[in-house]
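A.B. asks: Take this structure first; my questions come after.
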Amino acid sequence: MMKLHYHPLSTYSQKTLMAFHEKQVAFTPELVTLTDPTSRAAFLKINPIGKMPVLVLEDGWKIPESSIIIEYLDSHFSTGTRLIAEDKDLARRTRFHDRMADLYVNDSLTKIFFDGRKPEAERDPKGVAAARERLELVFGMVDNHLAKRTWMMDDAFSMADCALAPCLGYARMLHPFDKWKHLTAYAGRVMERPSFAKVHAEAAPYLAKL
């Protein structure tokens, strides 16, 4: 069986886990704890860059990066939810929203989170301010996009939602978005999605320790 190397708190891991649950595809979970020397050393043999998640196929072939793993799942398994439309234009739009979530929402939240855990003298207030400005801009764009849509791709739940949902879970703590009514309503819908509920339940014990 395929093995997924991940950590429940990792947003990119959560994104990938949501896709597995949506596709109803079985896998063997392999938890990685980068703060544990033994776990870290073992994972670096799999992915020297040290980024999670990584999917290892039965033949040993390794697939890194959350979006690429989801592309693999969607092209190799017909079960569950179709996460990337077969129509080329819709697929391109899905990938665009996926990139927006990863590069501008997720990475901005990551900057805010890790900067806040540094000693005062090592923090980067200008960088954090820039990250918050970017979030305000993107949240406004997404709010407008969702004004007449259920999901990022209209009525179809997709890879774009798998990318955005974990970000919003952390944004509620790091950069609240309550003033954006359409985004807030969307977050409520996505938090009730069974795939996210499973991811949230797995992450809960780790979140409690933060």
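A.B. asks: Fully extended, how many nm does the chain gain between Ala147 and Ala204 (0.36 nm per residue separation, minus their Cα-Cα distance)?
C.D. replies: Fully extending the segment from Ala147 to Ala204 adds 17.5 nm.
A.B. asks: When the scattering of the range 3-76 is computed by the Debye formula from its Cα atoms alone, each counted once and equally, what is log10 I(q)/I(0) at q = 0.20, 0.22 Å⁻¹?
C.D. replies: Evaluating at q = 0.20, 0.22 Å⁻¹ gives log10 I(q)/I(0) of -0.79, -0.95.
A.B. asks: Given a 10 angstrom Cα cut-off, can you work out which residue in Asp102, Asp115, Asp143 is the most mobile in a GNM of the chain?
C.D. replies: Fluctuation is largest for Asp115.
A.B. asks: Post the alpha-carbon centroid distance, the range 8-31 to the range 80-150, in whole angstrom.
C.D. replies: If we compute the Cα centre of each part, the gap is 19 Å.
A.B. asks: Oh, and also: Over the chain, calculate the relative contact order: mean separation of alpha carbon pairs under 8 Å at least 6 apart, over the residue count, as a percent.
C.D. replies: Result for the chain is 24 percent.
A.B. asks: Taking the chain as a Gaussian network, where each spring joins two C-alpha atoms under 10 Å apart, which residue of Phe177, Phe20, Phe96 fluctuates the most?
C.D. replies: Result for the chain, Cα springs under 10 Å: Phe96 fluctuates most.
A.B. asks: When the dipole is taken about the Cα centre of the chain, and only Lys, Arg (+1) and Asp, Glu (-1) are charged at their Cβ, what size is it in debye, to the nearest 20?
C.D. replies: Working: 29 positive and 27 negative charges, 73 e Å.
The calculated dipole for the chain is roughly 340 debye.
A.B. asks: Next question. Per the Kirkwood definition applied to all pairs of different Cα atoms, how many angstroms is the hydrodynamic radius of the range 88-193? Walk me through the numbers before you get to the answer.
C.D. replies: Numbers: mean 1/r = 0.0703 Å⁻¹.
Result for the range 88-193 stands at 14.2 Å.
A.B. asks: Given contacts defined as C-alpha pairs under 8 Å and at least six residues apart, what's the relative contact order of the range 3-76, whole-number percent?
C.D. replies: Relative CO of the range 3-76 lands at 38 percent.
A.B. asks: Where a Cα-Cα gap under 30 Å defines reach, which lysines qualify for Lys62, not counting those fewer than 8 residues away within the same chain?
C.D. replies: Excluding near neighbours in sequence, the set is Lys3, Lys15, Lys23, Lys45, Lys51, Lys88, Lys111, Lys198.
A.B. asks: Output the antiparallel fraction of DSSP beta bridges having both residues in the chain, as a percent to the nearest 5. Kindly include the intermediate steps, with their values, before the conclusion.
C.D. replies: Numbers: 8 of 12 bridges.
Counting only bridges with both partners in the chain, antiparallel ones make up about 65 percent.
A.B. asks: Volume per residue, Å³, of the convex hull around the alpha-carbon atoms of the range 169-210?
C.D. replies: Per-residue hull volume (Cα only) is 56 Å³.
A.B. asks: With charges set only on the Cβ (+1 for Lys and Arg, -1 for Asp and Glu), what does the dipole of the range 3-76 come to about its Cα centre, in debye to the nearest 20?
C.D. replies: Numbers: 7 positive and 8 negative charges, 48 e Å.
Charge dipole, the range 3-76, about its Cα centre: 240 debye, nearest 20.
Quick note: the coordinates plus some simple rules give every number you see, no bench work behind them. Nothing here was measured: the structure is a model prediction, and the numbers come from that model. All Cβ positions, even for glycine, are placed from backbone atoms using ideal geometry, and neighbour counts span all protein chains on display.
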